[in-house]
Amino acid sequence: MTRYLLERPHRLVSLTFFSERYESAKSSISEDLTILKRTFKARGTGMLETVPGAAGGARFIPYVTQGEATQFVDEVIASLSEADRFLPGGYLYMSDLLGRPNVLRQIGRLIATQYLSDEVDAVMTVATKGIPIAQSISEYLNVPFVIARHDSQITEGSTVSVNYVSGSSSRIEKMALSKRSLAPGARVLIVDDFMKGGGTLGGMQSLVKEFDATVAGVAVFAEGAFEGERVVPNYTSLLRIHATNDHVDVTPGNFVEQIYTPDRVSLLKK
């Protein structure tokens, strides 16, 4: 039963289903769920929400505690601060981190924590490096993820496209998404691996509006130093990267202020 719930986050599972699956009385299932709820909370695994009534059941909602999140980000910073990651031109190599399943799982759980009680219908990213992050977040929110592309493909059918200005280079870019990707009124979480001026994220916001959908939030793995006003003013970042020609500083992003608000911390303690 524990495994079933962990593999299906945010999905309401009825007591009748568990009772029939494990050939146990509903009273026994209810007692087991009480034990699971207490254990999940003690270990910081997540919340087990119980919904009373004939149509009720149990729903597992994963989260990351603030202490665990801070420790994870500190470990990532230590890894990214290694001297051999510095690339000419003030760039930082971090593709290997975003290819590690354990890192992606933690990123997914951490960003999903911000939407414990907020509805999200889809996660959107742009090809290519943001795809693993979007997939991980969508898994913990139990929603689809969609991929916007700079060039539409015939296999996607009819598409909706927008032009946007890159925030860092001021170039005009194009972004397209299949018409079947989003439903009108959907609440969309926009994610990417890196943000500088925010032009790409702004382009995805414009694309969401073209579908008559709503932006539920914006999250990035890392943000770079940027002089001027970003296209996207409100976002959640795990890391801040300040690169010069001969040095790179990596510090925590704004995730503590954005995710661990007093209301959300109070919810985690219930």
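The values are calculated or read from the model by the stated rules, or taken from the named source; none is laboratory data. Here the structure is a predicted model, which is why all the values come from computation and not from measurement. A quick note on method: Cβ atoms are made from the backbone with ideal geometry, for glycine too, and the neighbour counts reach across all protein chains shown.
Picking from residues in region 25-49 that are surrounded by fewer than 16 Cβ atoms within 10 Å (Cβ to Cβ) and not in a helix (DSSP H, G or I), the one that is nearest to the chain's Cα centre (by Cα) is Gly44. Across region 150-168, not a single residue is classified as of a type in the set (Gly, Ala, Ser) and under 28 Å from His10 (Cβ atoms). When each of Val232, Val188, Val220, Val162 is tested for being β-branched (Val, Ile, Thr), closer than 17 Å to Glu119 by Cα and modelled with pLDDT of 90 or more, the lone residue that passes is Val188. A Cβ distance below 9 Å, combined with a sequence gap of six or more or placement on separate chains, defines the contacts here; from region 7-29, residues that are closer than 24 Å to Thr45 by Cβ reach residues that are in a helix (DSSP H, G or I) and of a type in the set (D, E, K, R) in the pairs Pro9/Glu139; Leu15/Lys26; Phe18/Lys26; Phe18/Asp32; Ser19/Lys26; Tyr22/Asp32; Ser24/Asp32. A single entry from Val73, Val13 fulfils the requirement of being assigned by TED's automatic domain parsing to the domain that holds His247, in contact with a helix residue (DSSP H, G or I) (Cβ under 9 Å, 6 or more places away or on another chain), surrounded by 15 or more Cβ atoms within 10 Å (Cβ to Cβ) and among the β-branched types (Val, Ile, Thr): Val73. Under the condition of being of a type in the set (A, V, I, L, M), surrounded by 13 or more Cβ atoms within 10 Å (Cβ to Cβ) and within 14 Å of Ala122 (Cβ to Cβ), the residues counted in region 148-203 number 8. Within region 78-104, residues that are among the hydroxyl-bearing types (Ser, Thr, Tyr) have Cβ atoms under 6 Å from residues that are part of a helix (DSSP H, G or I) in these pairs: Tyr93/Arg85, counting only partners at least 6 apart in sequence or on another chain.
For region 6-24, the tally of residues that are of a type in the set (Lys, Arg) and within 30 Å of the chain's Cα centre (by Cα) stands at 2. Look at Val248 and say whether it is touching a strand residue (DSSP E or B) at 6+ places or on another chain (Cβ under 7 Å), surrounded by 13 or more Cβ atoms within 10 Å (Cβ to Cβ) and of a type outside the set (Phe, Trp, Tyr). So Val248 passes the test.
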